[in-house]
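Here the structure is laid out as structure tokens; the discussion comes afterwards.
Throughout, read-outs are computed from the coordinates displayed, never taken from laboratory work. Since this is a predicted model, take the numbers as computed values, not measurements. Neighbour counts run over all protein chains shown; Cβ positions are idealised from the backbone, glycine included.
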């Protein structure tokens, strides 16, 4: 190893991936898209492609077993992978599940985890086809890969947005993050006084956004019915701001979004205010919403106008205009990307 | 969660997988083979299938960074996955690589890891197409999935062996295990006296078996050239005994192997004796050899007879005869399966 030492924090997650994967070349002609989108795209026939995505989840980094029921964890672990397949406009078909556990876990705990995995498989109609099992010296580690399919002509990449395309997001944002804040707060209360009962009443929506989110397969279906093919798409896993940067970078464009257009549920906004947080900041940087962020041609606007599941939040601009947020007073504020995220 | 507590050690790895995956049903018609072979088999056309396999590797469980160079670790991590694709008689084409690290790792360490991954990709002509990156609170975690292809008629399952088929193994066994013993011994010496230089001279073969094994793609090619299609196949990752149990169980047969036929390199045998171990036990239970174990029809025997890369070590019997080892004195000893393995 060389003497030089570059700290990972200097690079951020995406800088690190770019650095590590840059030297790789392609050997196989059926590899259509490798690293750099929600899923890899592999040609399997003249008409069809296979989509492959994978996620690694670690106890203490991605989830806390103090407040995450194992069944919910299993469900969500599958869901986050399916979300990546949907973000390519594909149909999810198979998953593999690997896990490592210490022997402090009894079989019954793993059965809970797998009950959640099965629930997700049954709901989304995907098959569990493999995995790996290992002992762990520390916490629970889960690695899931998902395999999907799509017609070649239907695949939507991050890179397809055109100038003036509208930027659209499904559902509402920031809820999963506020759910996490509530759970973290109750954890601290419980640690200080274990006899206290958790006070989570009235927060079902936010807790569900955090603990049992759903991947937006329905949006893919809605768009097909409306005959709208997005020009680019990504799922909102790391926060809206980060995903806007990915879409813009891949499409070599700028983007302008409007503060007031960002869909935020009233419960999210109220919880944010309760925590002295700005709801828009929570929506921009919170993450784990698993909504879909996509661009559509202006011509398709009438088809989605008034649709309760989709909100136009801005539009794509030329690259030199940069990535900007228009605030309530009409001021243009350059949007900041996030750094290293789990 | 129920009150019952079943310890994982009671079940063993394969018992655990059976228990957890039993409730799952199939939703997608193109899933040909799910859990229970070296790789999942997914139909992609009338003629072709895709093969998918995955492995999870944890620092302190599967590797020790005190004596495993990161470049070798990267190479081996890819290789163990490709070995599973070859064990289905397939061609490896793509991999995804996920990892979690603590920030004690500098970029340069990960570049070493990825240099090894790239070396394996270049040598085996596979493409890196995706992955996930995360921080880790404890050690390094690596999760790799491999994707391969095969003609439907060429896929070899664990379950295809027939009574009287010959059991054949490639290369030689037990070397990787003895390499590990040498490295562990030197680690203890170093811990006791850090000024001591490691004494590993003359053990290149065993160290290479442990640190830089090769998946036996060549055997797949040899067999094609010889026009031998194995009736069943598995790769030797957990030790010969364990793999014989898998093949026999999947094929619903018994098996008899001959102690004296098990291919053991002289260096392995000498190292075993040096450690007061029985070389045959090391070959049976050592693991990590990444050789291929397969069965062939008696009719094909002449085609592989005398081939220096393959050794006939026994034959398949009816189920009721059980799984037995014939020792040097001709005595029949029931073979024991291993329990929980990493």
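From most to least packed by mean Cβ count within 10 Å, the peptides A:75-84, A:300-309 give A:75-84, A:300-309.
Counted by neighbouring Cβ atoms within 10 Å, the residues A:225, B:112 run from fewest to most as A:225, B:112. Peptide B:170-180 is shielded by partner chain Cβ atoms: per residue, an average of 0 of them sit within 10 Å of its Cβ. Take residue B:122, push a point 7 Å out from Cα through the beta-carbon direction, and compare it with the same point in every other copy: 5.0 nm, smallest first.
Antiparallel versus total DSSP beta bridges in the protein assembly as shown: what percent is that, nearest 5? Among the beta bridges of the protein assembly as shown, antiparallel pairing accounts for roughly 80 percent.
Segment A:57-104 and segment B:279-342 have Cα centres lying 38 Å from one another. Between identical copies, the spacing of residue A:224 label points, each set 7 Å from Cα toward the C-beta atom, reads 3.6 nm from nearest to farthest.
Of the residues B:234, B:32, the one with the fewest other Cβ atoms within 10 Å heads the list, and the complete ranking is B:32, B:234. Adding -39500 (n - 2.57) for every DSSP H run of four residues or longer, then dividing by how many residues chain B holds, sets the calculated 222 nm ellipticity at -10500 deg cm²/dmol. What the Cβ-Cβ distance of residue B:5 and residue A:190 gives, at R0 = 30 Å and to the nearest 0.05, is a FRET efficiency of 0.80.
For the peptide A:101-111, the mean number of other protein chain Cβ atoms found within 10 angstrom of a residue's Cβ is 5. I'd like the FRET efficiency for residue B:66 and residue B:208, computed as 1/(1 + (r/R0)^6) with the beta carbon distance as r and R0 of 22 Å, rounded to 0.05. My answer for the efficiency is 0.75.
Segment residue A:102..residue A:200, full-extension length gain: 32.2 nm, with 0.36 nm per residue of separation and the alpha-carbon distance subtracted.
Neighbouring Cβ atoms from other chains, within 10 Å of the Cβ of residues in A:33-45, number 4 on average.
Take every Cα pair under 8 Å whose residues are at least 6 apart in sequence, average their separation, divide by the length of chain B, and the relative contact order is 21 percent. When B:134, A:145 are arranged by Cβ crowding within 10 Å, least crowded first, meaning fewest neighbours, the order is B:134, A:145. Please give the FRET efficiency for residue A:278 paired with residue A:221, using the beta carbon to beta carbon distance and R0 = 41 Å, rounded to the nearest 0.05. So the FRET efficiency works out to roughly 0.75.
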